[in-house]
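Quick notes on the structure that follows.
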Amino acid sequence: MNWINNVVRPKIRSFLTTKREVPDNLWRTCPVTGNMVFHKDLEANQFVFPGSDYHERVSAVDRMKMLFDAGVYEKVPVPGAATDPLKFRDGRRYPDRLRDAKSATELDDAVVVGEGLLDGQNVVAAAQDFRFMAGSLGMAAGEAIIAGMLRAVERKTPFILFAASGGARMQEGIMSLMQMPRTTIAVQALRDAKLPYIVVLTDPTTGGVTASYAMLGDVHIAEPGALICFAGPRVIQQTIREQLPEGFQRSEYLLEHGMIDMVVHRHKLRATIARVCRLLMKPALDKAEREKAPAAPKRMNGKAYAKADAVAPNERIEDPAASQNEAESVVEAEPVTEAERFEPKRTGTKAQKSEKAAEQTQAQPPKSDA
Amino acid sequence: MSEPELRLRDVIERSVPLENSSPVRTYLDFEKPIAELDKKIHELKTLIGDDTNESMRGEIEKLEEKARTALAETYAKLTPWQKTLVARYTERPHCLDYINGLIEDFTPLAGDRYFAEDEAIVGGVGTFRGRSVMVMGHEKGSDTESRIKHNFGMAMPEGYRKAVRLMEMADQFSLPIITLVDTAGAYPGIGAEERGQAEAIARSTDCCLKLGVPIVSVVIGEGGSGGAVAIATANTILMLEHAIYSVISPEGAASIIWRDAEKKEEAATAMKITAQDLEELGVIDGIIAEPVGGAHRDPKGVIDATGTAIALALAGFETMTPDQIRRHRRDRFLQMGRNL
């Protein structure tokens, strides 16, 4: 069958095989410990191997599902881009390679953009998919990033980026390079609109992506052990011909060197992002609230509200929409509870914490990162 | 900006230096036939000395004519890889040659104020055709000592942070900015990564895009990837005729895509890295013609032509407000590629 597979593959494969519901490998091997894990269990554990805490790479769609409340989001439309600006050939036509990547990943390009609720707050998010030609940044990916950021500006919401990329898409040459300034313009639009831009650096984030929008966030969060760099380790090794230090260019190394704000376990990622967004957006949201105050049932006028921090919490409890959202945030993180069988102790305490948090009034944002 | 651009193009074409005067001592590999002719001419000349033998003179003239046509023919159809070699050629005028030739009262400024001075990017204030400007660029160096001093034009994060400092200063004092691009790329090393090479480049590009003063960039040799973009995110981008500008070196592309570094010639062609390709793609605004045989055969002519082109480009922004200049630059990049 091999030869026939090779011949008919890209076009016909999508007809022959419908959506693959069952992955080829039901059991996954942890690259650190070598333990076998059932793939459903791994998925339930947000693709983090139990025991070793090894963070497996996650597809863009899974990222979005993990981020948004109940995994629900709406795709943000992305304007089309030229597909083969250079008429690039390297033995095979670039459009053929693209088609392969599309059918293998069921994506249009390496970036997925969506909007929805994160812990009750409106956010726009984009995720890069490393499976799609190494998550490389081409014209289509650039347009997607820009579209996502501009959508956030339009909706006045924070923008969250999950970076995962091998860098520029070489098959698009200079047009790929030009996505560096182009995406930077959109970052500036977010900045001008005073909207939080949260970058989550995941394994791997390299090259032109790191050297543009992925390093321009207000808050940089990295997943543990992710490779984050400009020049890859191999290139550096070839240049300097020396052994590279242990842990070089990994998340923890970047944290130590002041390039990122925090390294966050995937299980706590959602809560962390939600908290940062809420903290950064609060003044803007309060202001918006005050501006439409006359319609609201609040008796407190603008002036009193501004200095009455102690009173404000009581008021917020009465706000049904807000309390609902907050409660959701605490009980959320479904996949974590599933993970109990791997880490009974830890998840146990988490569950307790979240219960406690749920009992508390909405006065404080929940401290638990569960 | 249709009007100023048209005028710009006219002058670039008019400023083509027709004569090449200064003889070169070294030749690129593909120039071998020309080198042999030149050698023969030189031999004949020394042989006859002051002799006014008519037939000998005629012979020499014939040979000279042949050498000239051979050179013109070779350079008229340089392959992208040959252009890469020309763009990297050590005898080619470098950043400081342009600065010395074009800027009066050049006052170099140093240091990023955080960590170090990086001489891979040189810059400072000076007078360009009567106006104060900020000028900066990658300097590759011209001999072993200076090449090491300038780290072969490959900047560290400090270099880009210095560039940001100078650009912000230019904005503060309303000085137009001229950047000269000539780098193989940002330096890939442990120290550079440790101190945030990626962040430094990103911030520099970011800074270019927020300035209210015009930026004119000229790729004078090699425009290497992010290391170039960091200071080439300009209102007007010009390239010398045989300069290249690419997301990755042909060698790098060959080893990554073809998995064979020897495929560099193929890669150079497929990547579309020449000034002519980039003009077609709408990435650059104009090409500055080089003398027959490359910039190194008439450095003065090419530097003057570059100066004229920069002056014209800057003139187009004279009546624009900072906001308009900023918008012009952002629109320029946002539109890029949308009509391909």
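The values are calculated or read from the model by the stated rules, or taken from the named source; none is laboratory data. In this text, all values refer to a predicted model and were calculated from it rather than measured experimentally. Using ideal geometry, Cβ is built from the backbone for each residue, glycine included, and neighbour counts are taken over all protein chains shown.
Does the stretch B:104-124 contain any residue that is part of a strand (DSSP E or B), without any contact (Cβ under 8 Å) to a residue 40 or more places away in the chain, assigned by TED's automatic domain parsing to the domain that holds B:Leu240 and touching a helix residue (DSSP H, G or I) at 6+ places or on another chain (Cβ under 8 Å)? Yes: one or more hits. If I ask for residues that are touching a residue at least 40 places away in the same chain (Cβ under 8 Å) and closer than 18 Å to A:Ala126 by Cα, which ones from the stretch A:95-112 would you list? Hits for the stretch A:95-112 are A:Thr105, A:Glu106, A:Leu107, A:Ala110, A:Val111, A:Val112.
When the stretch B:169-209 is limited to residues that are within 20 Å of B:Ala315 (Cα to Cα), not in a loop (DSSP other than H, G, I, E, B) and not polar (S, T, N, Q), the one that is nearest to the other protein chains (Cβ to nearest Cβ) turns out to be B:Leu209.
Selection of the stretch A:150-196 for residues being facing chain B (nearest Cβ under 9 Å), closer than 20 Å to A:Ala60 by Cβ, among the polar types (S, T, N, Q) and under 20 Å from the mean Cα position of the chain (by Cα) yields only A:Gln179.
If I filter the stretch A:156-163 for residues that are free of Cβ contacts under 8 Å to residues at least 40 places away in the same chain, under 21 Å from A:Ala284 (Cα atoms) and surrounded by fewer than 24 Cβ atoms within 10 Å (Cβ to Cβ), do I get at least one hit?
No, every residue in the stretch A:156-163 fails to be free of Cβ contacts under 8 Å to residues at least 40 places away in the same chain, under 21 Å from A:Ala284 (Cα atoms) and surrounded by fewer than 24 Cβ atoms within 10 Å (Cβ to Cβ).
With respect to the stated conditions, A:Leu227 fails to be more than 9 Å from every other protein chain (Cβ to nearest Cβ), at negative phi, touching a residue at least 40 places away in the same chain (Cβ under 8 Å) and aliphatic (A, V, I, L, M). Candidates are the residues of the stretch B:220-234 that are within 12 Å of chain A (Cβ to nearest Cβ) and more than 20 Å from B:Arg330 (Cα to Cα); the one that is surrounded by the fewest Cβ atoms within 10 Å (Cβ to Cβ) is B:Gly224. Only one of the numbered conditions (1) within 11 Å of chain A (Cβ to nearest Cβ); (2) in contact with a helix residue (DSSP H, G or I) (Cβ under 8 Å, 6 or more places away or on another chain) is violated by B:Ile237, and that is (2). Of the residues making up the stretch B:233-244, none is on the phi > 0 side of the Ramachandran plot and under 14 Å from the mean Cα position of the chain (by Cα).
In a loop (DSSP other than H, G, I, E, B) and either under 24 Å from B:Pro80 (Cβ atoms) or of a type in the set (S, T, N, Q) (or both): does that describe B:Val283? Spelling it out, B:Val283 is indeed in a loop (DSSP other than H, G, I, E, B) and either under 24 Å from B:Pro80 (Cβ atoms) or of a type in the set (S, T, N, Q) (or both). Looking across the stretch A:135-149 at every residue that is out of contact with any helix residue (DSSP H, G or I) (no Cβ under 6 Å at 6 or more places or on another chain) and more than 10 Å from chain B (Cβ to nearest Cβ), the one that is surrounded by the fewest Cβ atoms within 10 Å (Cβ to Cβ) is identified as A:Ala147. Among the residues of the stretch B:296-308, those identified as over 13 Å from the mean Cα position of the chain (by Cα) and part of a helix (DSSP H, G or I) are B:Arg297, B:Lys300, B:Gly301, B:Asp304, B:Thr308. Would you confirm whether or not the stretch B:316-336 contains a residue that is among the aliphatic types (A, V, I, L, M), in contact with a strand residue (DSSP E or B) (Cβ under 8 Å, 6 or more places away or on another chain) and away from chain A (no Cβ under 14 Å)? No, the conditions are met nowhere in the stretch B:316-336.
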